[in-house]
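Undergrad: The following block contains the structure, expressed as structure tokens.
The values are calculated or read from the model by the stated rules, or taken from the named source; none is laboratory data. Just so it is clear, the structure is predicted and the values come from calculations on it, not from any experiment. Heads up, the Cβs are rebuilt from the backbone with ideal geometry, glycines too, and the neighbour counts pull from every protein chain shown. Surface accessibility is based on the protein's heavy atoms, side chains included, excluding ligands, DNA and RNA. Shrake-Rupley method; radii C 1.70, N 1.55, O 1.52, S 1.80 Å.
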Amino acid sequence: MQKSNTGMRSGQSGKAKYAYFKNLDYGEVSEIERFIQTYQQRVIIDLNSNIEKYFGEELDSCMALDYGHSTPGTRTETGQLEYEAKYQGNDEASESLAKMLARAAFEIPFRAHSTVTRCITYIPPTEDKDFHLPRDLAHEMRSQISNPFFKEDVVDATLTIDKESLKNASLEAKVEIWQEIVEADAVELKQDVNGKLVYVVDDLYQSGVTMWSYAKYLKKQGAHAVFGLPCVKSLRDSDNQ
């Protein structure tokens, strides 16, 4: 029996796999090249070992535009935009990120949910928070996409209870605080998400506690599926450990 040259093979190190295809036409080669170009910067995110004991299938998919840093102390181009938008109030940086998020929305495979109504929301802030980058990005992102894809306005969201800053909180503390929020239904949604495919915008994905917890809340409200769309992923998966 002749051995086929088509399929997956492991590299010499065993850490990488290579795909081999035979007899591809020009269109198929171009499609593969577009796929590689699209995903060479993207970060596909799943449960990491730090939070897997707390969550299950709350997120159906999650993809960041890029890592925030290429190496510690060196920001990626997307990471620089996120920094300028969040900490310097740079409107041009925010607009650039929103356009990138709008393009990324089409890159997440959704064929299995193609007949489901799609909508956008964001990680909810407290009521007294005037500037909230995920909210601004979600609204600008929505303005970049025509109605056939997203038929509804952004689902605005606000926490209905006071939440202390989680910036310096441990992972366990974050899990506990968000668990209380989810169990108390302490998020006000301006629209119903029941039966819908919900895209969740955030600026930074670190351990994932916030994204997975909010996805859990949305599923509790009847969301058909939840796709996470953070701008950047941190190089590490831990929170202040």
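Undergrad: With only Lys, Arg, Asp and Glu charged, each at its Cβ (+1 for the first two, -1 for the last two), find how big the charge dipole of the range 178-239 is about the Cα centre; round to the nearest 20 debye.
TA: Working: 7 positive and 9 negative charges, 55 e Å.
Here the range 178-239 has a charge dipole of around 260 debye.
Undergrad: Once the Cα gyration tensor of the range 68-183 is diagonalised, what are the square roots of 5 times its eigenvalues, in whole Å and ordered largest first, as equivalent ellipsoid semi-axes? Mind showing how you got there, number by number?
TA: Details: eigenvalues 124, 94, 47 Å².
Working from the Cα gyration tensor, I get semi-axes of 25, 22, 15 Å.
Undergrad: Per residue, how much accessible surface does the chain expose to a 1.4 Å probe? Answer in Å², no decimals. Spell out each step's value before the answer.
TA: Numbers: 13740 Å² over 241 residues.
Solvent-accessible surface per residue comes out at 57 Å².
Undergrad: Quick check on packing: order 52-63, 114-125 by the mean number of other C-beta atoms within 10 Å, highest mean leading.
TA: Values: 52-63: 17.2, 114-125: 18.8.
Those peptides, ordered most packed to least, come out 114-125, 52-63.
Undergrad: So if the hydrodynamic radius of the chain is defined as the Kirkwood radius over C-alpha pairs, what does Stokes-Einstein give as its diffusion coefficient at 20 °C and 1.002 mPa s, in µm² per second?
TA: On the way: Rh = 19.3 Å.
Reported coefficient: 111 µm²/s.
Undergrad: Stokes-Einstein D for the range 41-100 at 37 °C, 0.692 mPa s, Kirkwood Rh over Cα pairs, in µm²/s? Let's see the in-between values first.
TA: Working: Rh = 13.2 Å.
Taking Rh from Cα pairs, D becomes 249 µm²/s.
Undergrad: May I ask you to evaluate 6.51 cos²θ - 1.76 cosθ + 1.60, the Karplus curve with θ = phi - 60°, for each residue of the range 193-202 and list the ³J(HN,Hα) values in order in whole Hz, giving x for glycine and proline?
TA: Karplus values, whole Hz, x for Gly and Pro: 10, 4, x, 10, 8, 10, 9, 10, 8, 8.
Undergrad: Sticking with this one: How many percent of the accessible area of the chain is carbon or sulfur, using a 1.4 Å probe?
TA: 45 percent
Undergrad: Among the DSSP beta bridges whose two residues both lie in the chain, what percent are antiparallel, rounded to the nearest 5?
TA: For the chain, the DSSP antiparallel bridge percentage is about 40.
Undergrad: Next up: Please name which of 210, 178, 191 has its Cα lying farthest along the dipole of the range 168-241 towards the positive end, using unit charges on Cβ (Lys, Arg +1; Asp, Glu -1) and the Cα centre as origin.
TA: 191
Undergrad: Another question, then. Give the lysines reachable from residue 129 as a straight Cα distance under 29 Å; neighbours fewer than 8 places away on the same chain don't count.
TA: Within reach: 86, 99, 151, 163, 167, 174, 190, 196, 216, 219, 220, 233.
Undergrad: Then there's this: Round to a whole angstrom and tell me the spacing of the C-alpha centers of the range 215-232 and the range 70-131.
TA: For the range 215-232 versus the range 70-131, the Cα centre distance is 15 Å.
Undergrad: Can you order the peptides 210-216, 23-29 by their average number of other Cβ atoms within 10 Å per residue, highest first? It would help to have the intermediate numbers written out before the result.
TA: Details: 210-216: 24.1, 23-29: 8.9.
Listed from highest to lowest mean packing, they are 210-216, 23-29.
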